[in-house]
Structure formats: C-alpha cells, structure tokens
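Just below is one structure, and these are the notes that go with it.
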Amino acid sequence: MTPPDPFNRPGTTRATRRRRPAFAGPRDEIDVPPLDQIAPTLDPPWLKEKTDTPDRKAAYGHPDGHSVGLRIQSRGFAIQTWITAGPDLPPLPEGGTAAEQAEAQAARDARLQPGRTWHAVLNTRTSTALATDLATLVRDRLLPALTNKPRGIPAPAPPAHIGQTTTADTEQPDTAPQQEGTPK
C-alpha cells in the first residue's frame with residue numbers, strides 16, 4: 001500500500017501555469033529560406049554531405065578529416081556555423097636551422113588543434129543578402145581558423161562620429177586681454 005499524497009487533498013487547487021508577461025511581446029519567427037538553398041558551395045576537396053534535415057542543417061567534409069557545419073537555430077533568428085579540425089596536424093619539416101624549426105613550430109601552434117571546434121553565428125535579422133553573407137562568413141572566418149585560430153571576437157568599429165573632433169569643438173573663445181603694440 002502506498003502512503004497518501006500530502007499535496008493531493010480535497011479543497012486544494014492545482015497551480016496554474018504562468019503566462020508570458022505582456023511586455024515580452026509575441027514570439028516572432030523569421031522566415032529563412034531552406035538551408036540547402038542558401039548554403040555556400042565550397043571549393044574541392046570540400047564535399048557536401050547528406051543530412052537528415054537538409055532544410056535546417058548542412059555539413060561539409062574534407063579528406064583530411066576537417067568538417068564544417070551550418071544549422072538554422074530555432075525561430076530562424078540565427079544561423080550557427082562551426083568548423084572542426086581533423087585528427088592530424090601537418091608534420092614539422094625535418095632539417096633546417098633552429099630559426100626555421102621555431103617558425104614551423106609557431107605556425108603549427110597557431111593552427112586550430114585536432115578535434116577542436118571554432119563557432120561563428122550569422123544574425124539573420126541584420127543580414128540583407130543571406131546567402132552572400134553566409135558564404136562570406138564561412139570563407140573569411142571559418143576556413144582561415146584551420147591555419148590561424150582566432151584569439152577572440154574582434155570588437156566592432158566605433159561609429160564614425162565618435163572620436164572625431166570638429167573645428168567647432170576645438171575653437172575656444174579667446175578670453176586673454178589683448179595689448180596693443182609690441183612687447184618690450
């Protein structure tokens with residue numbers, strides 16, 4: 001026999017589910033074209049892989065084991081992109097001077113390490129040409145991460161009017177007393 005539930009008593013009511021506050025606004029969605037229509041075409045040796053949801057996800061593979069993925073996030077506000085480095089780093093060249101070896105090691109350390117992933121997000125609300133912006137993001141931000149891993153997200157440039165001075169800002173009224181003649 002199970003003990004009686006202390007919360008299931010006669011005369012008590014179930015808690016009602018809370019509603020979203022009125023100031024939160026409606027849950028909008030952005031109409032994004034299917035990803036298989038706007039996904040960029042990558043140059044060989046990259047190959048587009050079959051996915052179970054081609055309208056929401058795209059994946060590319062490289063013979064070296066690298067992979068690129070694209071996914072439309074919920075409600076279509078963003079497209080998440082990522083690149084994962086393959087399992088092997090290129091070998092260090094044998095021979096050469098100590099300086100050449102150090103330079104080769106520095107280039108190897110600057111790479112995205114095996115199995116590591118770098119992400120970038122495309123905001124679909126601010127994009128005017130979605131397919132072009134997505135292709136630019138993949139080519140200019142993701143693919144270079146394999147050979148030169150990013151150290152962080154670059155800060156946006158300040159608006160044009162910040163930091164500029166105008167002649168009205170630099171001219172100060174001359175309040176010094178003026179003297180006639182030449183000083184002795």
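The values are calculated or read from the model by the stated rules, or taken from the named source; none is laboratory data. Because the structure is predicted, anything quoted here is derived from the model rather than measured. Methodologically, a virtual Cβ is constructed for each residue, glycine included, from the backbone with ideal geometry; neighbour enumeration extends over all protein chains shown. In case anyone asks, the SASA skips ligands and DNA or RNA and just uses the protein heavy atoms, side chains included. Shrake-Rupley method; radii C 1.70, N 1.55, O 1.52, S 1.80 Å.
The single condition from (1) part of a loop (DSSP other than H, G, I, E, B); (2) open to solvent by 50 Å² or more (accessible area, probe 1.4 Å); (3) modelled with pLDDT of 80 or more that ARG139 fails is (1).
Checked against the criteria, LEU89 counts as open to solvent by 30 Å² or more (accessible area, probe 1.4 Å), over 24 Å from LYS48 (Cβ atoms) and among the hydrophobic types (A, V, I, L, M, F, W, C). If you go through the stretch 114-123 and keep only what is open to solvent by less than 40 Å² (accessible area, probe 1.4 Å) and more than 24 Å from GLN37 (Cα to Cα), you end up with nothing. Only one entry in ARG111, ARG71 is open to solvent by 40 Å² or more (accessible area, probe 1.4 Å) and part of a strand (DSSP E or B), namely ARG71. Applying a threshold of 7 Å to beta carbon distances and a minimum spacing of six or more residues, or different chains, the list of pairs starting in the stretch 111-126 at a residue that is in contact (Cβ under 8 Å) with a residue 40 or more places away in the chain and ending at one that is surrounded by 13 or more Cβ atoms within 10 Å (Cβ to Cβ) and of a type in the set (Asp, Glu) reads LEU122/ASP133.
Take the residues in the stretch 74-101 that are in a helix (DSSP H, G or I) and small (Gly, Ala, Ser); name whichever of them is farthest from ARG141 (Cα to Cα).
Among those residues, the one meeting the criterion is ALA98.
The set of residues from the stretch 39-56 being outside any loop (DSSP other than H, G, I, E, B) and either open to solvent by 100 Å² or more (accessible area, probe 1.4 Å) or more than 14 Å from SER67 (Cα to Cα) (or both) comprises LEU47, LYS48.
Tell me which of these ALA98 doesn't satisfy, since it passes every other one: (1) over 16 Å from the mean Cα position of the chain (by Cα); (2) of a type in the set (A, V, I, L, M); (3) open to solvent by less than 60 Å² (accessible area, probe 1.4 Å). Condition (3) is where ALA98 drops out. Cβ-Cβ contacts under 8 Å between residues 6 or more apart (or on different chains), taken from a first residue in the stretch 52-75 that is in contact (Cβ under 8 Å) with a residue 60 or more places away in the chain to a second residue that is basic (Lys, Arg) and part of a strand (DSSP E or B), are listed as LEU70/LYS57. For the stretch 49-65, taking the residues that are at pLDDT 90 or above, in contact with a Gly (Cβ under 8 Å, 6 or more places away or on another chain) and not small (Gly, Ala, Ser), the one that is nearest to ARG139 (Cα to Cα) is identified as TYR60. There is at least one residue in the stretch 124-133 that is assigned to a helix (DSSP H, G or I), surrounded by 15 or more Cβ atoms within 10 Å (Cβ to Cβ) and either at pLDDT 85 or above or in contact with a helix residue (DSSP H, G or I) (Cβ under 9 Å, 6 or more places away or on another chain) (or both).
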